[in-house]
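The values are calculated or read from the model by the stated rules, or taken from the named source; none is laboratory data. If you're wondering where the values come from, they're calculated on a predicted model, not measured in any experiment. Neighbour counts run over all protein chains shown; Cβ positions are idealised from the backbone, glycine included.
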Amino acid sequence: MKARGTLLGLLGIGLVAVAAVGVYGVFVKSFLQIRHLQIDGRVEVAAVREVREAVRAVMDGNLVTVDIGSVRQSVETIDWVKAARVTRQWPDSLHIQIDRHDPVAIWEDGRLVSTDGIVFASTDETIETLARLPLFSGDPTYIKQAVEFLPRLQKAAGQASASVKALHVSYRGSWSVRMENEAAVTIDVELGRNQSGQDVAWRFDRLTRYFNELSDNLEGYPTAVDARYHDAFAVKLPDDQSGQAWREARLAPKS
């Protein structure tokens, strides 16, 4: 009889313990429910929905039990997200810090090219930002190299009061640049292959240093230049429009 009494006593404790866990579980679920999502970073309103849906796809449990790593990985599957950091914010929030890809060019299919040479899609970049970006096209294996060269090419274009509008690399590795000068004339420049690793930048820099002098000699802006020669340029003679633009630029008062 004594043994049976001990057994009943243990069962009684067990029943009480189970009941306590049940009450505690209901309390925790309600008290620690995730009610808010805090998003920091350069995220436009249109992109917030993408982040919210990515979180919702893996949301499971409350603030204590949610898998932070899964939330981070889901957010990082969004094309324009470079990296994400997810933390708990007591008592009822998840905080997500987002680093996004910064675009430096537009790829030929309409996607963007990041500072790391990553091609990504984004729907929330401003029109002003997109209008400033040059176009990249050609062999995608040269994208990272094109990103590396772009600041040097833009700096060189400044010597001709111009900017780089497009950069193309053929599948044979031949580079060409389209630049636009302050008179809104576009000039296509053939630069050839980059055999030494510096040929492209050197040839373009040499052209832009002499571009204004070359235009003065031609009495107009050449609309195409072959800069592959070591000590000369082959040019397409100015047309009526580029000739008129050069004359107007020459007559414009100097600031």
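Here are the numbers for the structure shown:
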read-out: Filter pass, residue 147 being buried (at least 17 other Cβ atoms within 10 Å of the Cβ) and touching a helix residue (DSSP H, G or I) at 6+ places or on another chain (Cβ under 6 Å); value: no
read-out: Hey, residue 110 surrounded by fewer than 13 Cβ atoms within 10 Å (Cβ to Cβ), of a type in the set (Gly, Ala, Ser) and assigned by TED's automatic domain parsing to the domain that holds residue 142 or not; value: yes
read-out: Number of positions in the stretch 168-182 that are among the aromatic types (Phe, Trp, Tyr) and assigned to a strand (DSSP E or B); value: 1
read-out: Test: residue in the stretch 93-100 that is at pLDDT 95 or above, in a loop (DSSP other than H, G, I, E, B) and within 30 Å of residue 32 (Cβ to Cβ); value: no
read-out: Search result, residues across the stretch 209-232 that are out of contact with any Pro (no Cβ under 8 Å at 6 or more places or on another chain) and of a type in the set (A, V, I, L, M, F, W, C); value: 211, 224, 225, 227, 232
read-out: Pair list, Cβ under 7 Å, 6 or more apart: the stretch 142-163 residue assigned by TED's automatic domain parsing to the domain that holds residue 193 and among the hydroxyl-bearing types (Ser, Thr, Tyr), other residue surrounded by fewer than 19 Cβ atoms within 10 Å (Cβ to Cβ) and part of a helix (DSSP H, G or I); value: 163/154
read-out: Test: residue in the stretch 188-197 that is at pLDDT below 95 and more than 26 Å from residue 133 (Cα to Cα); value: yes
read-out: The stretch 128-167: number of residues that are more than 15 Å from the chain's Cα centre (by Cα) and in a loop (DSSP other than H, G, I, E, B); value: 4
read-out: Hits in the stretch 115-143 (condition: in contact with a helix residue (DSSP H, G or I) (Cβ under 8 Å, 6 or more places away or on another chain), of a type outside the set (Asp, Glu) and modelled with pLDDT of 95 or more); value: 115, 117, 119, 134, 136
read-out: Hey, residue 72 of a type in the set (Lys, Arg), in a helix (DSSP H, G or I) and either modelled with pLDDT under 95 or on the phi > 0 side of the Ramachandran plot (or both) or not; value: no
read-out: Test: residue 227 is on the phi < 0 side of the Ramachandran plot, in contact (Cβ under 8 Å) with a residue 60 or more places away in the chain and crowded, with 16+ Cβ neighbours inside 10 Å; value: no
read-out: Residue 86 being closer than 17 Å to residue 147 by Cα and surrounded by 14 or more Cβ atoms within 10 Å (Cβ to Cβ); value: no
read-out: Test: residue in the stretch 76-89 that is hydrophobic (A, V, I, L, M, F, W, C), assigned to a helix (DSSP H, G or I) and without any contact (Cβ under 8 Å) to a residue 24 or more places away in the chain; value: no
read-out: Evaluation of residue 154 against (1) under 30 Å from residue 56 (Cα atoms); (2) in contact with a strand residue (DSSP E or B) (Cβ under 6 Å, 6 or more places away or on another chain); (3) not β-branched (Val, Ile, Thr) (one fails), failing number; value: (1)
read-out: Some residue of the stretch 207-215 being surrounded by fewer than 19 Cβ atoms within 10 Å (Cβ to Cβ) and closer than 24 Å to residue 109 by Cα; value: no
read-out: Members of the stretch 196-248 that are assigned to a helix (DSSP H, G or I) and in contact with an Asp or Glu (Cβ under 7 Å, 6 or more places away or on another chain); value: 243, 246
